[in-house]
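These notes concern the structure reproduced below.
The values are calculated or read from the model by the stated rules, or taken from the named source; none is laboratory data. Note that the structure is a prediction, hence the values are computed from the model and not measured. Every residue, glycine among them, receives a Cβ derived from its backbone with ideal geometry; neighbour counts consider all protein chains shown.
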Amino acid sequence: MVVRARGEAYRGGADRRIAPSANRVTSRKPSRTARLHSFPGGLSLAWLAIALLAAAGRAPAAPAVGAHVDLAAMPATLQGAELTRLAESGVTGVRMPLDWNRVEPKPSRFTWKADDAAVNAARAKKLNVVLILGPNAVWAVDAAWQVPPKERHCSIPKNMKLWERYVRQAAVHFKGRVRYWQVREQPNARNFRGARPEYLRLVASAARTVRSVDPRASIIVPEPGALDIAEIDRLCSSDLRTSCQVLGVYLRGNGEASKSALAWAVLDSEVPGVASAQKPVWVLGADAPILPESWMQQYLLSAAYHAPRFYLPASALDIGWVRPLSQLRYTGFLRLGPAIWALAFEDASGPVVAAWSADETAVPASDLAPIADAEAVKQAAPVGGEPGSSVTVDCDTLGLRLTPRPVLVRGLDLSQAVHAGPPSRADVLAALPGNAPDPAAPVFVDYSRADSPEHGLYNRSLRTRVGGRAEEEIHDGRTCLRTRIYTGPREAELDNPWLYFDVDDRWLYFGQGKTPVAITIECDGSYLGAERLGFNIWYDSTTGYRFSPWQWVAAGSGWKRYRVELTDANFSDRNGYDFRINIKGSKQDIWISSVTVERAAAPIVSYAAR
Amino acid sequence: MVKLAWRLVVLAVVASAVAFAAQPAAAQNQVQVAQVDEQPAATGEYPNLSGVRAFSAETNYMSLPGYLRWMVFREQSVWLSVPEAKRIVAEQTGG
């Protein structure tokens with residue numbers, strides 16, 4: 001077996017290895033679990049947990065797995081069978097809606113029968129219960145808002161007294177049985193027909209009401225996005241930081257391990273609202289249905305960042321992976337994606353490597369663990385698979401067949417290889433493919449360039465976005481990006497007024513407005529004349545997405561350059577992009593020959609001040 | 001009557017030719033067109049229109065609630081009602 005001093009793919013980050021003699025990890029910073037000690041609701045328990053961990057000398061446990069399921073809506077027979085299945089799967093809790101329409105079908109007429117039975121049945125199986133306050137009672141919506149009947153459960157109550165009555169009744173009824181309360185399920189544009197301030201008021205009111213009934217209760221505030229760190233930052237910087245005790249996040253879709261890891265890394269150490277308030281971060285689910293192997297990958301990543309709880313839909317739970325993975329304790333990482341991931345854990349049997357690949361690929365075992373023991377490698381298997389089924393032998397070289405479903409390799413001596421602690425932003429970014437753009441130089445797209453037409457700024461991968469089917473077209477001797485605007489009955493299908501852009505995360509990610517940026521757009525003049533063609537930029541800012549001021553493009557042919565300076569940019573990959581050029585409002589299409597993003601050196605006039 | 005119809009046809013042809021000539025000649029030189037299904041819409045909060053001027057180019061000459069409704073429909077394929085949009089914009093703009 002070839003022995004290497006260090007995994008070749010690892011190209012950055014701090015040097016944090018397990019001390020060979022102790023076979024233990026010394027992290028460069030305390031874990032989230034360890035930081036819970038200053039979290040008011042968990043003061044004594046967290047200290048106790050830390051003391052026990054220290055005494056045992058063990059790495060922190062993997063997240064407790066929970067199921068998201070509406071037990072109260074199930075027939076009693078199915079409910080019992082489902083709870084038995086969940087308990088046998090290794091699940092420790094359930095998260096379920098306390099549907100306002102069910103418990104208060106008519107104003108002031110409360111009925112708890114179904115939810116009582118569900119909560120009691122879950123508790124009888126030793127499962128802790130999180131109740132979600134919502135969805136909205138359809139009768140509580142103001143008729144004047146003309147909300148379509150089938151959408152009223154996504155709306156908001158017409159007055160706060162109705163909401164507070166429901167919350168108070170629920171808190172009183174379940175006091176002593178339910179400690180954690182979540183306010184609405186993923187309050188995004190799909191689930192919540194209201195403005196952000198309206199949501200914040202609901203949360204503040206619920207927190208005040210629940211805790212007035214039960215001071216030991218904890219409020220979970222969910223983010224609306226998918227590991228949207230900019231929004232999490234805003235939430236935790238708002239007044240909610242004192243009234244809510246747990247932050248809930250939703251995961252991104254399939255094949256997003258690098259994006260998730262980067263968000264986790266920044267959340268873990270850089271989001272001031274989280275770091276200063278030291279709130280535990282729970283995984284509440286995913287933004288969209290994801291494949292079983294993605295759940296496993298995301299679970300392992302969540303373990304690396306010490307998320308205390310990990311909820312997923314009951315239908316996605318599988319004893320085949322929940323049992324073995326929930327026994328793991330994270331110790332460090334060996335290799336971070338994008339193509340191949342290898343994280344180090346330990347369980348009762350000793351060290352365990354969990355490795356996966358976005359696509360099926362065979363790698364020499366020594367690539368993952370420099371001191372790979374042949375006998376240990378020969379037992380490698382995908383989670384839930386037969387021992388040895390992931391082993392390959394090529395010219396006497398022992399290898400592993402990696403797939404999106406993580407492969408577990410037990411019994412390796414990892415003392416010389418593991419980088420302790422959760423991967424930092426630098427660790428994750430260093431593992432991204434391709435060359436990192438020079439942080440001091442601009443990033444740009446220029447499709448006339450034969451080499452590197454997208455240099456640290458990307459549009460091609462975003463042309464499947466709504467309204468963003470840009471075309472590359474030769475125009476006046478240059479290869480340009482052009483829009484296709486359309487107004488008419490097929491607008492949703494044919495109108496493409498937006499050009500989406502993503503800045504390389506290694507160049508700028510979660511800048512929090514500390515890095516003013518300037519975007520320069522070079523485009524052809526307006527052939528229809530003055531004030532017929534214009535644009536603005538819809539960008540990720542410290543206060544959410546917002547528009548820059550409208551900019552008219554000068555009349556006449558010839559290339560024009562426009563520079564838009566943003567002092568509050570907070571490019572965080574929210575929704576998969578950082579900004580888009582919008583020309584809706586123009587009477588003609590635009591031909592853009594280049595877009596350049598640079599760090600603005602001098603103080604610039606702030607559009608944020610509008 | 002026939003003469004009038006012919007005049008209309010000729011006028012339409014001339015107008016089309018003028019409109020075509022007004023387009024840049026290179027406009028037909030497409031080298032790459034994205035032909036793929038659209039990804040699911042973004043699912044963050046509703047667009048914040050504070051600071052945007054109503055009935056101007058930046059709102060496609062719509063009111064703020066009207067523009068919000070249009071944006072939400074484009075991104076979510078769901079129409080907000082007019083009163084809802086008015087309420088949400090008022091919350092966003094403090095109005």
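Overview of results
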{"quantity": "Members of the stretch A:250-264 that are of a type in the set (A, V, I, L, M) and outside any strand (DSSP E or B)", "calculated": "A:A257, A:A261, A:L262, A:A263"}
{"quantity": "Members of the stretch A:203-224 that are within 30 Å of B:P65 (Cβ to Cβ), hydrophobic (A, V, I, L, M, F, W, C) and crowded, with 24+ Cβ neighbours inside 10 Å", "calculated": "A:V203, A:A206, A:V221"}
{"quantity": "Inter-residue pairs, beta-carbon under 9 Å, first farther than 18 Å from A:G544 by Cβ and at the interface with another protein chain (Cβ under 7 Å from one of its Cβ atoms) and in the stretch B:71-95, second surrounded by 15 or more Cβ atoms within 10 Å (Cβ to Cβ) and among the polar types (S, T, N, Q), 6+ apart", "calculated": "B:E84/A:S155"}
{"quantity": "Tally, over the stretch A:191-202, of residues that are of a type in the set (D, E, K, R) and surrounded by fewer than 22 Cβ atoms within 10 Å (Cβ to Cβ)", "calculated": "2"}
{"quantity": "Residue check for A:A226: within 11 Å of another protein chain (Cβ to nearest Cβ), in contact with a strand residue (DSSP E or B) (Cβ under 7 Å, 6 or more places away or on another chain) and on the phi < 0 side of the Ramachandran plot", "calculated": "yes"}
{"quantity": "Candidates A:G525, A:G468, A:G529, A:G513, filtered to the one that is within 29 Å of the chain's Cα centre (by Cα), at pLDDT 95 or above and not basic (K, R)", "calculated": "A:G468"}
{"quantity": "Residue check, A:A204 in a helix (DSSP H, G or I) and small (G, A, S)", "calculated": "yes"}
{"quantity": "Criterion violated by A:L408 - all others in (1) outside any loop (DSSP other than H, G, I, E, B); (2) closer than 25 Å to A:C523 by Cα satisfied", "calculated": "(2)"}
{"quantity": "Residue match in the stretch A:329-339 (condition: on the phi > 0 side of the Ramachandran plot and outside the structural domain of A:T92 (by TED's automatic domain parsing))", "calculated": "yes"}
{"quantity": "Subset of the stretch A:443-496 (residues that are in a helix (DSSP H, G or I) and in contact with a Pro (Cβ under 9 Å, 6 or more places away or on another chain))", "calculated": "A:R460"}
{"quantity": "Residues located in the stretch A:353-379, provided they are more than 15 Å from A:W341 (Cα to Cα) and buried (at least 24 other Cβ atoms within 10 Å of the Cβ)", "calculated": "A:A372, A:V377"}
{"quantity": "Total residues in the stretch A:184-212, condition within 12 Å of chain B (Cβ to nearest Cβ) and of a type in the set (G, A, S)", "calculated": "3"}
{"quantity": "Strands (runs of 3 or more DSSP E) within the stretch A:497-610 that include 1 or more residues hydroxyl-bearing (S, T, Y), more than 23 Å from A:P453 (Cβ to Cβ) and within 11 Å of chain B (Cβ to nearest Cβ)", "calculated": "A:534-541, A:544-547"}
{"quantity": "Test for A:W181: is it under 23 Å from B:A85 (Cα atoms), more than 14 Å from every other protein chain (Cβ to nearest Cβ) and either touching a Cys at 6+ places or on another chain (Cβ under 6 Å) or crowded, with 20+ Cβ neighbours inside 10 Å (or both)", "calculated": "no"}
{"quantity": "Residue in the stretch A:238-256 that is modelled with the highest pLDDT, counting only those that are more than 10 Å from the chain's Cα centre (by Cα) and under 25 Å from A:V503 (Cα atoms)", "calculated": "A:N254"}
{"quantity": "Test: residue in the stretch A:340-357 that is within 26 Å of A:E256 (Cα to Cα) and assigned to a loop (DSSP other than H, G, I, E, B)", "calculated": "no"}
{"quantity": "Test: residue in the stretch A:475-490 that is among the hydrophobic types (A, V, I, L, M, F, W, C), within 14 Å of chain B (Cβ to nearest Cβ) and over 28 Å from B:M62 (Cβ atoms)", "calculated": "yes"}
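Let's see how each residue does on (1) away from every other protein chain (no Cβ under 13 Å); (2) surrounded by 18 or more Cβ atoms within 10 Å (Cβ to Cβ):
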{"residue": "A:A441", "(1), (2)": "yes, no"}
{"residue": "A:P453", "(1), (2)": "no, no"}
{"residue": "A:G456", "(1), (2)": "yes, yes"}
{"residue": "A:G468", "(1), (2)": "no, yes"}
